[in-house]
Each structure stands twice: as structure tokens, then as C-alpha cells.
């Protein structure tokens, strides 16, 4: 009996039926809430001047020297509205790719500035995993587009 549980915990790809989908649900919900609440909400509300600063701070790192307000707006949108989309599991892969790119650029900005980009890179990896694995069955994407999987 003990060996069954140890084998299940140590070697099984699924701990129990639905464990992967439940794991994806938690991976979507909690980081996305904190990204929205701690980082995104304020950036979206600040407006064009703030968005231009965001774009100008990060985009020259990859050689883009135009459209700073647009790129800053996309970053603010990624950290706010798109994080809410991920919570709901709606258009998950598309918005996760935007969040991944935003967090990768934020981490690079901090790293180039001599600071730690750790938090941004952790978010980037979380959203890369969500992009690769999809939202799981506990999501609007699954409900709307994969009705046979629920």
C-alpha cells in the first residue's frame, strides 16, 4: 500500500484524475491575480505619458526606437486586462504570449539596469508554460471551444 502511494507520487505523470487540469487552473489564477493587482492595474490607469515611458524604457534594448506609447500601452494591457483573460482562461494562449514577451522585456530592462529581473523572469516562465500547455479544462477556452473535453 505504501509503495503504491510512493510510486504514484514519485513516478506518475498524473497524481489523480484531473490533477494536471487543476494544476493549470491554479497556475493561471494566482500569478495572474498578483500580476493584475500589483503591477497591471496602476499602469493601465496612468495613461499615455506613463505608457510612453514604459515603451521608451524597454524597447531600445532590442533596437526598436519608435512607437513607445503603443508598446507601453501593450505592456500595460498585458499586465492588466490580459492577466484577467488568463484568470478566466479566455484566449489563453494568445494573451499568455503577450504577457510572456512583456515580462521578458521587463526582466531584461531590470537586468540591463543592474537590477534583478528575477520576478519578471519568473512571471515570463509561468506564462511560457501556460502558453505551451494551454489553459486546461477548467477554462472558458475549454468550455467554448472544446465542449467534448469537459
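Below, the figures for the structure above:
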read-out: Check on residue 72, touching a helix residue (DSSP H, G or I) at 6+ places or on another chain (Cβ under 6 Å), in contact (Cβ under 8 Å) with a residue 12 or more places away in the chain and under 22 Å from residue 135 (Cα atoms); value: no
read-out: Helices (runs of 4 or more DSSP H) contained entirely in segment 58-150, each with at least 2 residues that are exposed (fewer than 15 other Cβ atoms within 10 Å of the Cβ); value: 92-112, 118-133, 140-145
read-out: Flag for residue 40 being exposed (fewer than 14 other Cβ atoms within 10 Å of the Cβ) and either in contact (Cβ under 8 Å) with a residue 12 or more places away in the chain or more than 24 Å from residue 87 (Cβ to Cβ) (or both); value: no
read-out: Residues satisfying the stated conditions in segment 1-33, i.e. surrounded by 13 or more Cβ atoms within 10 Å (Cβ to Cβ) and assigned to a helix (DSSP H, G or I); value: 20, 21, 22, 23, 24, 25, 27, 28, 29, 31, 32, 33
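No lab work stands behind these numbers, since they all come straight from the coordinates. Note that this is a predicted model, so its numbers are computed, not measured. So basically every Cβ, Gly included, is an ideal-geometry build from the backbone, and we count neighbours across all protein chains shown.
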